Amino acid sequence: MSYTQIIGQNRPKDIIRRAIEHNRLPHAYLFSGPDGVGKQAMAIELAKAIFCRSEGEKPCDTCDNCRRVAHFSHPDFIFIFPMPKSAEVEEERQVLDSMVQEPYARLQPWAAPGISIERIRELRRVSSLKPLEGHRVVIIAEAEKMTTEAANALLKILEEPPPAMHLILTTSRVNALLPTILSRCQEVDFHLLSDAEIIAALEERRQIPADRAQLLARIAQGSYTRALALLDEDLQARRDLAVEALRICLRDDLTQLEWIETVTAELDKREIRDLITLMLIWFRDVLLLFEKPDGFSSDQLVNVDKLDVLEKFTQAFGDIRFDSIFSELERAIELLDRNVQVNLILIVLLARLQESLIIKGSIT
Ligand SMILES: [Zn+2]
């Protein structure tokens, strides 16, 4: 069986299998879809399949070429990802090594790296040379992070692709790519993984017990990469903090500001993002309880082990404007991703949440 490294994503697998079988690979693929669902892992599998020497199903995962691709040591295989211009070769190697270990979790050692014009110029230079083994495969991960100059340089390659070259771009933000690049790539859509797929992967690959795998999958919201990152975190403490944030949003301005100051000093941006995601998940549970206090089944709840706190929370409010709460939380996550100042996002978020929660009694 090929593509065993890839969790779910049957449609992309079929598309790629067929293209390989019929020898109809496009010059350029664009793997699009949410973060953490296997786009880069699939791009690596496709690179293996292109170089694979097996007579049977490709990639075989055992031939010399499959192994060299998996270890990023095949001379005609280039993997480009966002990194600062100042990055050392050893640092780049460390990132690649992290993907050898776990293709779903690339190490991200830099704050906001991009893909520079120099990388793409180098690619243009290399692509004018003949590959050593018939093909050249180039993956550009997070392609939306190319600078404008880099994107224009890539466009030149796409306009006149060298015959032996296969380009695979991956992105979670299709709209951030130049339309002229999009129109030259064949797009393959990746979707969020199901809870069942994530649970099975956590159990089989990481030997995570079923109940913990279930909680992780629900919090990870369709992203296996998120689930892996959550393995290292103290979920209990995170959730407590999310509930605390909801208590704080009901207090006065000064208390809110003090709390925001403490939280932003302790947590980095990514952890704040998790915190807001946990608040979002919390409100999904609250919505379920609010709408059907007796008629829900507990396996629909994510925070099922916190049912008593959830119930108290739900009963404290005469009304909860869920629409505005969900849109404010989603907006906060979006603003975080756009690098808006964290303090400002939280100040506005807590104020808006307060407006949307109509109190009946105390929630403690
Ligand atoms: Zn092989």
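FYI, it's all coordinate maths here, none of it is from the lab. What you see is a predicted model; the values in this text were computed from it and never measured. Neighbour counts are summed over all protein chains in view; Cβ atoms, including those assigned to glycine, are modelled from backbone coordinates with ideal geometry.
With the Cα gyration tensor of the range 10-191 in hand, give its eigenvalues times 5 under a square root as the equivalent ellipsoid semi-axes, listed largest first in whole angstrom. Could you put the intermediate results ahead of the total?
Working: eigenvalues 102, 71, 60 Å².
The equivalent ellipsoid of the range 10-191 has semi-axes of 23, 19, 17 Å.
Under a Cβ-Cβ cut-off of 15 Å, what is the net charge of the residues other than Asn65 that fall near it, where Lys and Arg count +1 and Asp and Glu count -1? The partial results should precede the final answer.
Working: positive: Lys48, Arg53, Lys58, Arg67, Arg68, Arg136; negative: Glu45, Glu55, Glu57, Asp61, Asp64, Asp76, Glu133.
Summing Lys and Arg as +1 and Asp and Glu as -1 gives -1.
In the neighborhood of Val342, defined by Cβ-to-Cβ distances under 15 Å, what is the net charge if each Lys or Arg adds +1 and each Asp or Glu adds -1? The partial results should precede the final answer.
Numbers: positive: Lys269, Arg270, Arg273, Arg331, Arg338; negative: Glu261, Glu266, Asp268, Glu271, Asp274, Glu334, Asp337.
Neighbour charge sum, excluding Val342 itself: -2.
By how many degrees, 0 to 90 and rounded to 10, does the Cα axis of helix 253-266 deviate from the longest principal axis of the chain?
Helix 253-266 and the main axis of the chain meet at about 40 degrees.
If you fit an axis through the alpha-carbon atoms of helix 89-101 and take the longest principal axis of the Cα set of the chain, what angle between them do you get, 0 to 90°, nearest 10?
Tilt of helix 89-101: around 70 degrees.
Compute the helix-to-body angle for 148-159: its Cα long axis versus the longest principal axis of the chain, expressed 0 to 90° and rounded to tens.
40
Given 5 Å bins starting at zero, what is the percent of C-alpha pairs of the range 233-359 in each, up to the one with the largest pair distance?
2, 10, 22, 24, 21, 13, 6, 2, 0
Counting each DSSP H run of 4 or more residues in the chain as -39500 (n - 2.57), what helix-only mean residue ellipticity at 222 nm follows after dividing by all residues, to the nearest 500 deg cm²/dmol?
Value at 222 nm, helices only, nearest 500: -16500 deg cm²/dmol.
Expected output is a single nm value to one decimal: the length gained when fully extending between Asp211 and Asp64, i.e. 0.36 nm times separation in residues minus the C-alpha distance. What is it? Could you put the intermediate results ahead of the total?
Values: separation 147, 0.36 × 147 = 52.92 nm, distance 3.93 nm.
Once the chain is fully extended between Asp211 and Asp64, it gains 49.0 nm.
Using the alpha-carbon centroid of each, what span in Å lies between the range 133-166 and the range 278-293?
Between the Cα centre of the range 133-166 and that of the range 278-293, the gap is 45 Å.
Within the chain, how many lysine pairs that are 8 or more places apart, or on different chains, have C-alpha atoms less than 13 Å apart? Don't skip to the answer; put the middle values down first.
On the way: Lys13/Lys39; Lys13/Lys58; Lys48/Lys58; Lys312/Lys360.
Step by step, the pairs that qualify in the chain add up to 4.
So how do Asp195, Asp252 line up by other beta-carbon neighbours within 10 Å, fewest first? Don't skip to the end; give the middle numbers.
Working: Asp195 18, Asp252 9.
Placing the least packed residue first, the sequence is Asp252, Asp195.
How long is the gain from Arg124 to Gln186 if the chain were fully straight, where each residue apart is worth 0.36 nm and the alpha carbon distance is subtracted? It would help to have the intermediate numbers written out before the result.
Numbers: separation 62, 0.36 × 62 = 22.32 nm, distance 2.05 nm.
Additional length available on full extension: 20.3 nm.
Net charge around Pro75, counting only other residues with Cβ within less than 13 Å of its Cβ (Lys, Arg = +1; Asp, Glu = -1)? All intermediate terms of the calculation are to be shown ahead of the outcome.
Details: positive: Arg68, Lys130, Arg136; negative: Asp64, Asp76, Glu133.
Overall, the nearby charge balance is 0.
The range 34-74 to the range 321-359: how many Å between their Cα centroids?
42
Can you pull out the GluC sites (Glu not before Pro) in the range 69-122 that DSSP calls coil and that have at most 11 other Cβ atoms within 10 Å?
Taking the range 69-122 and a limit of 11 other Cβ atoms within 10 Å, the loop GluC sites (Glu not before Pro) found are Glu88.
Where the Cα atoms of the chain are projected onto their three principal axes, how long is each span, largest first, in whole Å?
Principal-axis extents of the Cα atoms in the chain, largest first: 73, 41, 36 Å.
Out of all DSSP beta bridges in the chain, what portion is antiparallel? Express it as a percent rounded to 5. Before the final figure, lay out the partial values.
On the way: 3 of 22 bridges.
The answer is about 15 percent antiparallel.
In debye to the nearest 20, how big a dipole does the range 10-191 give about its Cα centre with +1 on each Lys and Arg Cβ and -1 on each Asp and Glu Cβ? Kindly include the intermediate steps, with their values, before the conclusion.
On the way: 24 positive and 25 negative charges, 81 e Å.
In total the dipole reaches around 380 debye.
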